[in-house]
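Contents: one structure, followed by commentary.
The values are calculated or read from the model by the stated rules, or taken from the named source; none is laboratory data. Quantities reported herein were computed from a predicted structural model and do not represent experimental measurements. Cβ atoms come from the backbone with ideal geometry, glycine included; neighbour counts cover every protein chain shown.
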Amino acid sequence: MLFLQLRAMMKKIIYFFIVAITLSGCAAKETKIASTPCVITPPEKSTDERKTVLSVKVELEAFAKASATPQADFGKKTEETYQKLRDKDVACSMLLRTVACLAENRSDVRVQEFQNYLKETRACERNEEANLSIDNILEVSVNPTEAFPYRGLWPIQVDIFLRNSGDSPATISSVVAKFDPHTEDSRQPQSQSQVSSIYTVAVDSNNATVTGAQLNTPARAYYPNPTNAVLIVDTPIAQTLDARSTDRFRIKYMFSENTELRGPREKVKFIVRYNDDKTLESKIIDLKIIDNCSVINLKSGSTYEKQTICRK
């Protein structure tokens, strides 16, 4: 009888230790998961103010950390993020990282449902390749002092706004400008980020040269057809867009006095080459016609003389 009592007592003690070890292991496991930090790194360049982007970053990191509870409302946080950020690619990038954080911090999170929500409501999903598009092309006024040495061949200066909606970088190798194509189009300028690089293309009777962004290399200027006025200026570019980011760079076309110009340079279309074999084509852009003349002060010895320059 005593033996049976001792045996029953030993079973209870062993069961107690098994339960204690199991609970201890679960607690340690949960502590390890909860301590995993969530780091959301937003793209460096976007159309939103950096302060706003960083504020949303902090909010999403806190949300991912607190979302160990079943009551977490991923849909509500998604809509709040898109309301605060105008740049939808930046919002998508940060929310995709938030989902990854949720998957890391909770073994039972419904990751697939969150991914489906982003895809179905915001067309937000991973895109492993670069996806380049032109947000805008904006003609920029040229300083009359810079234009004076070129006499009536007024320089043309444009800012090109590009967007990469993919999750891989886009390396731009060249930009082709087609001046005076025989079509019509219109555009709506919009404000964007600061200019990251400026490329100056000097066109003369022989060919062209591009300088800027550590480049000093030949460009190519030619008429592909002897019977029309379409001028092609093929310009090497050294520009890279990171994943889910935007960029703005400037190209200034300077035409020397001896350049053969068959057309009035009233319209232009751009073709962007990137990632070796990919191309992106813009719409036809109407260039501004500057009829007025500008008076500038040019230094002559120790004095300044007023000179008048007009676009012909």
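Condition first: part of a loop (DSSP other than H, G, I, E, B) and modelled with pLDDT of 80 or more. Now tell me which residues in region 155-208 satisfy that.
Result: SER165, GLY166, ASP167, SER168, PRO169, ASP180, PRO181.
How many residues are of a type outside the set (Val, Ile, Thr) and in a loop (DSSP other than H, G, I, E, B) when one looks only at region 216-238?
6
Say we look at region 153-174 and pick out the residues that are charged (D, E, K, R) and over 29 Å from ARG262 (Cβ atoms); which of these is nearest to the chain's Cα centre (by Cα)?
Here is the first cut: in region 153-174, the residues charged (D, E, K, R) are 159, 163, 167.
Add one more test, that the residue is over 29 Å from ARG262 (Cβ atoms), and what stays is 163, 167.
Details: ARG163: 4, ASP167: 11 Å.
Of everything passing the filter in region 153-174, ARG163 is nearest to the chain's Cα centre (by Cα).
Working only within region 83-120, note down all residues that are modelled with pLDDT of 85 or more and of a type in the set (Lys, Arg).
Answer for region 83-120, where residues must be modelled with pLDDT of 85 or more and of a type in the set (Lys, Arg): LYS84, ARG86, LYS88, ARG97, LYS119.
In region 262-274, what residues are assigned to a strand (DSSP E or B) and surrounded by fewer than 17 Cβ atoms within 10 Å (Cβ to Cβ)?
Of everything in region 262-274, just one residue is assigned to a strand (DSSP E or B) and surrounded by fewer than 17 Cβ atoms within 10 Å (Cβ to Cβ), namely ILE271.
The rows are residues; the columns are (1) assigned by TED's automatic domain parsing to the domain that holds PHE179; (2) over 21 Å from VAL140 (Cβ atoms); (3) surrounded by 14 or more Cβ atoms within 10 Å (Cβ to Cβ).
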| position | (1), (2), (3) |
| --- | --- |
| ARG220 | yes, yes, yes |
| PRO226 | yes, yes, no |
| LEU231 | yes, no, yes |
| GLU260 | yes, yes, no |
| ASP276 | yes, yes, no |
| SER282 | yes, no, yes |
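So, THR259, is that one in a strand (DSSP E or B) and either at pLDDT 80 or above or touching a strand residue (DSSP E or B) at 6+ places or on another chain (Cβ under 8 Å) (or both) or not?
no
Which count do you get for residues in region 229-253 that are within 23 Å of ILE284 (Cα to Cα) and of a type in the set (Asp, Glu)?
Final tally of qualifying residues: 2.
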